[in-house]
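Notes to accompany the following structure.
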Number of protein chains: 2
Amino acid sequence: MWEERIQKVREWIKEKKADAVLVSSAYNIQYLTGFIGLSPYEREAFCLVDGEKTTLVVPMMYEEHARSLGKQIVLCIDGERKGLLPLACSLLQGKKIVLIEEHVLKHTEYVRLQQDGGEFRSAELYIEHLRERKDDHEIALLKMADELTKTVLQKFEYMLKTVDYTQFSELQCTDMLRTMAIEVGGDGLSFDPIVASGVGNSQPHYRTSSKKLEKNGVILVDVGVKYHGYCGDLTRTFLVGDVSDEVKNVYAAVEAGHDACVKQVRIGVTGAQLYETLYSSFRESGFLQPMPHSLGHGVGLELHEGPHLKPSAEQALQKGMVVTIEPGIYRAGKFGVRIESMRVIE
Amino acid sequence: MWEERIQKVREWIKEKKADAVLVSSAYNIQYLTGFIGLSPYEREAFCLVDGEKTTLVVPMMYEEHARSLGKQIVLCIDGERKGLLPLACSLLQGKKIVLIEEHVLKHTEYVRLQQDGGEFRSAELYIEHLRERKDDHEIALLKMADELTKTVLQKFEYMLKTVDYTQFSELQCTDMLRTMAIEVGGDGLSFDPIVASGVGNSQPHYRTSSKKLEKNGVILVDVGVKYHGYCGDLTRTFLVGDVSDEVKNVYAAVEAGHDACVKQVRIGVTGAQLYETLYSSFRESGFLQPMPHSLGHGVGLELHEGPHLKPSAEQALQKGMVVTIEPGIYRAGKFGVRIESMRVIE
């Protein structure tokens, strides 16, 4: 599997008439080598792929894990993390044209790379685009992550129906979700989940608080179980206790919009078309509000990856892509409703 | 508090003879505005500080939260996240010299900024350096995060002593720690905790697995409780069941090294001096192994921040800094021992 991916990268390097690519994105490195657990935020590794070998540059503290990945990987270990980039630069000696990830490298890193000479060209989003179309192995893992997330949400809904939920704070609920994710066999969660009760859930990216769940109204839960490094991502909005007609109407509108989009998601459809479908469904329900966030996104090793479903997206969905569909309507200071599903394009 | 911080930034802008600074780091934005919850990885906001005002540029989904921060913040909202940078650029019109965070900006973002003309200069690590010396409010929060983390570790140790821990997997233990963090009043955890039993803990950044805890040997726990956005960070290595003399000797050496360093941490001491102390203590215990990771790091809004305690660090510790001390000795394929504390320099 890794060899197949590396092979594609090698062919692309050849096409670009380059000698190598220096991979900097933690997710791209994971995709090409199987190295799980690199921080996407702190620079903890580089990976150099050329026509013959794949060289992983990691700090000493990752040495044992890196060596366990197999013998196709040549390692260069450096005691201090600050030394990774100079070490990567030294690997580039003698290579004429190197592709680099300009969208991942910090500007200061870019400047350091240039120091030693050589010609650099943009790798653009080649590996990210490769990652957009999942292979069978990845689709199986993503379907499992999705199944496990559904199970967790069912358990959570059962809790809401059977116990006095007003005894729990939102934070306690996120903690419950995490415990459930491990119980059902996941690695844990794909992201800090959102549990928003009452006023808070009018903010699409609400910060979960220690406030207790309110008896009446809306409880929005956005959660994903991670499975073998792949991210689940689902949102359910539960209506609990006494619910106003306004809430019910908004819920019905979001549900109708969600269902219409999910029905339409298939090979060849664009983000722009999905937005048309959504807004036409919203209009039928009597709502004219534009979405304050995008309608959906690709999901895989990374929670948010390509393809991005935006109003301007003219790119057609392709076989093997895995996307979320997550329409929402939010009433500032009052409440919000979002429903999100994951769909494999096949 | 925010005004005081912004005021310092304004004075620095003046000193640098610039018109404004464009802040891109999620942590720096949080430090200057109080906006909690921005992803440190995906670019979700920019903050422009000039002589008169502080302008926060956030996508529409953060509008409600951003507005709640108070009226000193002028907002520019943009529906699609891709539009944030062009929007930030438009705010720069008419400003001659703008300081930018070249170590935070991706190279592609840097190139986009240059497109519209104007002169850019490096902000270097000014705000990061400002953040290194904590004010009283921050120190109180960090001490609380540290206290809560200690409490969680005590609870965990009590569990190890009173129940059959071999029934729990490492992942279930991390989940327990998270539940405890919320029980004791924290926001949650500062990072995905490490619980490593048996062979795994010879890797300093071990990836916690679904393997059950082993009856005999070493259980390494690296965990931090987050409190009001500030990160706790502690490591304890518990010796359980039958323990070999080799393990006991390594433990004693790490403990002696840890205690010697903690005793020495005060105003004026450098990272280099602390390493000398550590290695001299290791030598006294009969160990010559170099550390595979740094001896410690600053901690605050960010888990790893300045000052970084490295063998080459000649910078003297200053009043208000908060650092971890975390020596460790690792025997590849066998076991590892690390002990970590947090210390306020006062």
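What follows is calculated from the coordinates using simple rules that are stated; it is not laboratory data. Because the structure is a prediction, the values reported are computed rather than measured. Positions of Cβ are backbone-derived with ideal geometry, glycine not excepted, and every protein chain shown enters the neighbour counts.
Here are the numbers:
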| quantity | calculated |
| --- | --- |
| Cleavage-rule hits (chymotrypsin sites (Phe, Trp or Tyr not before Pro)) in the stretch A:8-58: DSSP loop, at most 16 neighbouring Cβ within 10 angstrom | A:Y41 |
| Net charge contributed by nearby residues that have their C-beta within less than 11 Å of B:T235 (K/R +1, D/E -1) | -2 |
| 7 Å along Cα→Cβ, label-point gaps from A:A316 to other copies, nm, shortest first | 6.9 |
| Within the stretch A:2-132, percent of DSSP bridges classed antiparallel, to nearest 5 | 40 |
| Dipole moment magnitude, nearest 20 debye, the protein assembly as shown about Cα centre, only Lys, Arg, Asp, Glu C-beta charged | 280 |
| Copy-to-copy label separations for B:D242, where each label sits 7 Å from Cα toward Cβ, in nm and ascending | 6.7 |
| Average projection area in nm² (convex hull over Cα atoms of the stretch A:307-346, one quarter of hull surface) | 3.4 |
| Cα lying deepest toward the dipole's positive end in chain B, options B:L213, B:L56, B:G296, charges on Cβ | B:G296 |
| Inter-part distance where the stretch B:29-105 and the stretch A:273-301 are each reduced to a Cα centre, Å | 26 |
| Pairs beyond 26 Å (Cα-Cα), from A:K143/B:K226; B:K143/B:K319; A:K134/A:K310; A:K226/A:K334; A:K106/B:K211 | A:K143/B:K226; A:K226/A:K334; A:K106/B:K211 |
| Dipole magnitude of the stretch B:218-315, debye to nearest 20 (Cβ charges: Lys/Arg +1, Asp/Glu -1, about Cα centre) | 200 |
| Tilt relative to chain A, helix A:136-162 - C-alpha long axis, 0 to 90 degrees, to 10 | 30 |
| Quotient of Cα Rg and 2.2 N^0.38 Å for the stretch B:105-192, N being how many residues it contains | 1.79 |
| Estimated translational D of the protein assembly as shown in µm²/s (Stokes, Kirkwood radius over Cα pairs; 4 °C; 1.567 mPa s) | 48 |
| Two-site label geometry, A:K334 and A:K16: point separation in nm, points 7 Å out along Cα→Cβ | 5.1 |
| Cα-based helix-to-principal-axis angle, B:271-284 vs chain B, degrees rounded to 10 | 10 |
| Shortest-first nm distances, B:S68 label point to equivalent points in other copies (7 Å, Cα→Cβ) | 4.1 |
| Highest-fluctuation residue, B:G229, B:G296, B:G117 considered, GNM on chain B with Cα pairs under 10 Å | B:G117 |
| Rg(Cα)/(2.2 N^0.38 Å) for chain B, N = residue count | 1.11 |
| Amide H contacts of A:H297 (H built 1.01 Å from N, under 5 Å, at least 5 apart or other chain) | A:L309, A:T324 |
| Restricting the stretch B:1-65 to GluC sites (Glu not before Pro) in coil, as DSSP defines it, with at most 12 other Cβ within 10 Å | B:E52 |
| Most mobile of B:L278, B:L75, B:L32 in a GNM of chain B (Cα contacts under 10 Å) | B:L75 |
| Net charge of Cβ neighbours under 11 Å - reference A:P327; Lys, Arg +1; Asp, Glu -1 | -3 |
| Using distinct alpha-carbon pairs, which all enter the 1/r mean, Kirkwood radius of the stretch B:2-132 in Å | 14.6 |
| Set of aspartates and glutamates with alpha-carbon distance to A:K263 below 14 Å, sequence-local pairs under 8 removed | A:E255, A:E276, A:E326, A:E340, A:E346 |
| Formal net charge of residues neighbouring A:I345 (Cβ-Cβ distance under 15 Å; K, R +1; D, E -1) | +1 |
| In order through the stretch A:8-15: 3J(HN,Hα) via Karplus (6.51 cos²θ - 1.76 cosθ + 1.60), integer Hz, x for Gly, Pro | 4, 5, 5, 5, 5, 4, 4, 4 |
